[in-house]
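Here's the structure, in structure tokens; my notes come after.
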Amino acid sequence: MNSSGCEELQLPAVRALTDKHGVQNTLLRTLHTIIKMKDALDASTIRKREIQKNEQDGATSSKASIAVEEERLSVLLSSLEPLWGLVSACLHRLAKADAHAALALQPAAEAFFLVHGSALAGVDPNKPIEHPDAIKLVQFAEKHRTVLNQVLRQSGSGLSDGPFSILIQMPKLLDFDVKRKYFRKQMQRLDGPVRGEDVAVRIRRSHLFSDSFRELFRLRGPEWKARFYIIFEGEEGQDAGGLLREWFSIITREIFNPNYALFITAPGDRVTYMINKASYINPEHLEYFKFVGRIIAKAIYENKLLDCYFTRAFYKHILSVPVRAQDLESEDPSFYKSLEFLLNNPIEDLGTELTFSVEVEEFGVRKMRELKEGGASIPVTDDNKEEYVKLVCQMKMTGSINQQLSAFLDGFYEVIPKQLIAMFNEQELELLISGLPNIDIDDLYANTEYKTYSKTSAQIQWFWKALRSFEQEDRAKFLQFVTGTSKVPLQGFASLEGMNGVQKFSIHMDSRSCDRLPAAHTCFNQLDLPQYESYEKLRDMLLLAVRECTEGFGFA
């Protein structure tokens with residue numbers, strides 16, 4: 001046993017497995033050949049069928065021969081099932097071993113993906129998986145997520161090509177750093193070996209935003225991928241990268257300058273930013289939003305971290321992910337509470353009649369908008385109130401800022417392809433823009449309050465043990481889960497902001513079923529923690545909530 005209590009495999013004992021002339025690599029090369037033969041036979045069958053449409057006679061014996069060969073290869077591949085069971089069992093043990101030991105079975109894992117991957121290729125991710133091989137592949141990847149990410153992190157085999165490339169269709173199973181590495185490589189591949197000519201940006205410090213807008217807005221999208229070198233008027237010095245970093249830092253602050261009226265802080269947490277519905281008071285606001293979209297994307301492209309944090313709904317808009325009821329809590333806490341009451345109580349307790357319509361403000365004019373066709377005449381009932389909540393949230397967080405949002409996204413997608421950024425979830429997009437925070441667990445522990453629980457409660461001690469065991473990425477996602485953002489207060493967690501000002505992190509007992517996941521209320525920096533009966537279950541449930549509870553409809 002090693003110091004962490006995990007099983008340790010002796011790498012010399014498994015060195016033969018990783019030898020390029022070893023049995024695993026021989027198996028992988030053989031399967032490559034078999035798969036190519038099977039694909040060739042499939043293609044030949046298709047060609048024969050096309051020919052037979054025009055030639056009714058002949059080719060019967062050839063067709064039969066191809067069918068026999070196809071059947072033989074299919075039987076051969078299906079006979080490997082016992083082998084895949086052994087590979088799965090070994091990978092399960094490697095998950096508890098030294099991280100480098102995962103490479104021992106990389107060729108065997110690649111072989112499994114090689115045999116089953118084609119069944120998932122081209123499948124619509126929004127539809128249920130039906131092919132048996134595709135189901136096996138997804139189950140295998142879910143079970144061995146930890147080891148597969150270790151392999152991708154350490155080996156030369158990436159996601160761009162090869163058997164593991166099918167994992168791009170299952171982005172939820174990929175760790176953030178693995179996705180980020182793939183993202184960087186794809187951006188380089190899309191741009192080719194040569195970037196455009198350097199762009200000189202001549203600006204005055206006192207007018208940095210307006211001068212930058214004047215200099216850069218005229219550029220077309222592809223030109224934003226060129227190297228910018230910054231020239232501050234009246235200052236000597238050549239930009240070797242430092243001035244560009246400084247420019248990003250200053251212009252990020254200017255983006256949120258109230259004088260431009262583009263963004264406002266979210267009332268629910270007073271930390272994250274959301275689009276200002278009243279931005280129309282700035283005549284150039286739509287051009288500015290497009291400019292800001294390009295700047296945020298340019299920072300991602302150049303791998304420059306920005307000190308800016310947006311609401312969860314804003315990140316979802318960039319990713320083309322539908323907003324949910326929970327996302328409204330930080331943007332409009334009082335309206336969120338009214339929707340929570342509506343869902344949890346009979347409709348008659350509301351004291352007013354609702355229809356599938358809502359009043360919104362667009363460019364200073366208040367309008368009644370229908371949530372669905374004929375919505376003004378459709379009453380909200382207990383049977384359809386969940387649909388009403390879903391539609392009204394979409395209207396509140398999307399419809400009321402549609403023009404501003406469209407302008408921002410137009411600018412963003414000119415620099416970063418929409419389909420490429422979509423591999424991240426909204427938590428990871430924040431980390432991509434702003435970086436992984438350094439979270440001081442001791443400081444958080446010292447500034448935590450408890451409701452019903454106490455510091456000595458078993459669940460509380462397990463909670464802190466679990467949080468300390470998390471990797472940096474999962475610690476950041478935990479902070480996002482309970483506060484709505486990964487931003488760490490400058491003065492430490494004693495200054496953590498909530499809806500009503502300083503609001504320390506608190507853990508409340510959830511006395512309902514122990515099969516429930518932990519829930520969070522980001523406006524109050526509050527975690528509702530069930531009374532789990534063991535450390536292992538608490539850690540597993542907390543990690544599942546932190547990683548997976550960015551989606552799903554309903555209220556915590």
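The values are calculated or read from the model by the stated rules, or taken from the named source; none is laboratory data. Every value quoted in this text rests on a predicted model; they were computed, and no experiment measured them. Ideal geometry is used to build each Cβ from the backbone, glycine not excepted, and the neighbour counts take in all protein chains shown.
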- Query: Considering the stretch 388-422 alone, what residues qualify as being under 17 Å from the mean Cα position of the chain (by Cα) and either under 19 Å from residue 324 (Cα atoms) or outside the structural domain of residue 332 (by TED's automatic domain parsing) (or both)?
  - Reply: 422
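Is it the case that the stretch 127-134 has a residue that's in a helix (DSSP H, G or I), of a type in the set (A, V, I, L, M, F, W, C) and over 18 Å from residue 90 (Cα atoms)? If you could, list the steps in order and put the result at the bottom.
Looking only at the stretch 127-134, we keep the residues that are in a helix (DSSP H, G or I), and these are 132-134.
Okay, now just the ones that are also of a type in the set (A, V, I, L, M, F, W, C), so 134.
Of the ones still in play, those that are also over 18 Å from residue 90 (Cα atoms) are 134.
Yes, some residue in the stretch 127-134 is in a helix (DSSP H, G or I), of a type in the set (A, V, I, L, M, F, W, C) and over 18 Å from residue 90 (Cα atoms).
One line per residue, one yes/no per condition, for (1) out of contact with any helix residue (DSSP H, G or I) (no Cβ under 8 Å at 6 or more places or on another chain); (2) not assigned by TED's automatic domain parsing to the domain that holds residue 407:
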{"position": "259", "(1), (2)": "yes, yes"}
{"position": "263", "(1), (2)": "no, yes"}
{"position": "267", "(1), (2)": "no, yes"}
{"position": "282", "(1), (2)": "no, yes"}
{"position": "296", "(1), (2)": "no, yes"}
{"position": "318", "(1), (2)": "no, yes"}
{"position": "329", "(1), (2)": "no, no"}
- Query: Does the stretch 207-229 include one or more residues that are surrounded by 13 or more Cβ atoms within 10 Å (Cβ to Cβ), in a loop (DSSP other than H, G, I, E, B) and touching a residue at least 60 places away in the same chain (Cβ under 8 Å)?
  - Reply: yes
- Message: I need the full set of residues from the stretch 152-168 which are of a type outside the set (Phe, Trp, Tyr), under 18 Å from residue 119 (Cα atoms) and at pLDDT 90 or above, in order please.
- Response: 165, 166, 167, 168
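Kindly provide the set of residues from the stretch 489-540 that are among the hydrophobic types (A, V, I, L, M, F, W, C) and under 18 Å from residue 267 (Cα atoms), ordered by number. If you could, list the steps in order and put the result at the bottom.
Just the residues of the stretch 489-540 that are among the hydrophobic types (A, V, I, L, M, F, W, C), to begin with: 490, 493-494, 496, 499, 502, 505, 507, 509, 514, 517, 519-520, 523-524, 527, 529, 538.
Residues satisfying the conditions are 496, 499, 502, 505, 520, 523, 524.
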- Of the conditions (1) surrounded by fewer than 17 Cβ atoms within 10 Å (Cβ to Cβ); (2) at pLDDT 90 or above; (3) of a type outside the set (A, V, I, L, M), residue 195 fails just one. Which one is it? (2)
- Message: Consider the stretch 478-533. How many of its residues are more than 21 Å from residue 465 (Cα to Cα), of a type in the set (A, V, I, L, M, F, W, C) and touching a Leu at 6+ places or on another chain (Cβ under 8 Å)?
- Response: 1
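Within the stretch 120-147, take every residue that is of a type in the set (A, V, I, L, M) and touching a residue at least 40 places away in the same chain (Cβ under 8 Å) and give me the one that is farthest from residue 86 (Cα to Cα). Talk me through it step by step, then tell me what you get.
Narrowing the stretch 120-147 to residues of a type in the set (A, V, I, L, M): 120-121, 123, 129, 134-135, 137-138, 141, 147.
Next, only the ones that are touching a residue at least 40 places away in the same chain (Cβ under 8 Å) stay: 120-121, 123, 147.
Values: 120: 23, 121: 25, 123: 28, 147: 15 Å.
My answer is 123.
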- Residue list for the stretch 79-115, filter: part of a helix (DSSP H, G or I) and either outside the structural domain of residue 131 (by TED's automatic domain parsing) or of a type in the set (D, E, K, R) (or both): 81, 93, 110
- Item | Flag for residue 506 being of a type in the set (S, T, N, Q) and at pLDDT 95 or above | yes
- Does the stretch 224-254 hold any residues that are touching a strand residue (DSSP E or B) at 6+ places or on another chain (Cβ under 7 Å) and under 16 Å from residue 412 (Cα atoms), and which are they? 226
- Just one of (1) touching a Phe, Trp or Tyr at 6+ places or on another chain (Cβ under 6 Å); (2) closer than 30 Å to residue 519 by Cβ trips up residue 291, so point out which. (2)
- Message: Quick check on my filter: what residues within the stretch 412-446 are surrounded by fewer than 16 Cβ atoms within 10 Å (Cβ to Cβ) and not in a helix (DSSP H, G or I)?
- Response: 417, 422, 435, 438, 440
- Would you check which residues across the stretch 511-548 are surrounded by fewer than 19 Cβ atoms within 10 Å (Cβ to Cβ) and either of a type in the set (Asp, Glu) or part of a strand (DSSP E or B) (or both) and list them? 515, 533, 536, 540, 548
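Would you say residue 288 is hydroxyl-bearing (Ser, Thr, Tyr), crowded, with 22+ Cβ neighbours inside 10 Å and more than 23 Å from residue 477 (Cβ to Cβ)? So that I can check it myself, show each step before the final result.
Numbers: hydroxyl-bearing (Ser, Thr, Tyr): yes; crowded, with 22+ Cβ neighbours inside 10 Å: yes; more than 23 Å from residue 477 (Cβ to Cβ): yes.
So residue 288 passes the test.
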- Item | Only one of 457, 506, 495 that is under 16 Å from residue 531 (Cβ atoms) and not assigned by TED's automatic domain parsing to the domain that holds residue 332 | 457
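Given the structure, is residue 460 part of a strand (DSSP E or B), touching a residue at least 24 places away in the same chain (Cβ under 8 Å) and among the β-branched types (Val, Ile, Thr)?
No, not satisfied.
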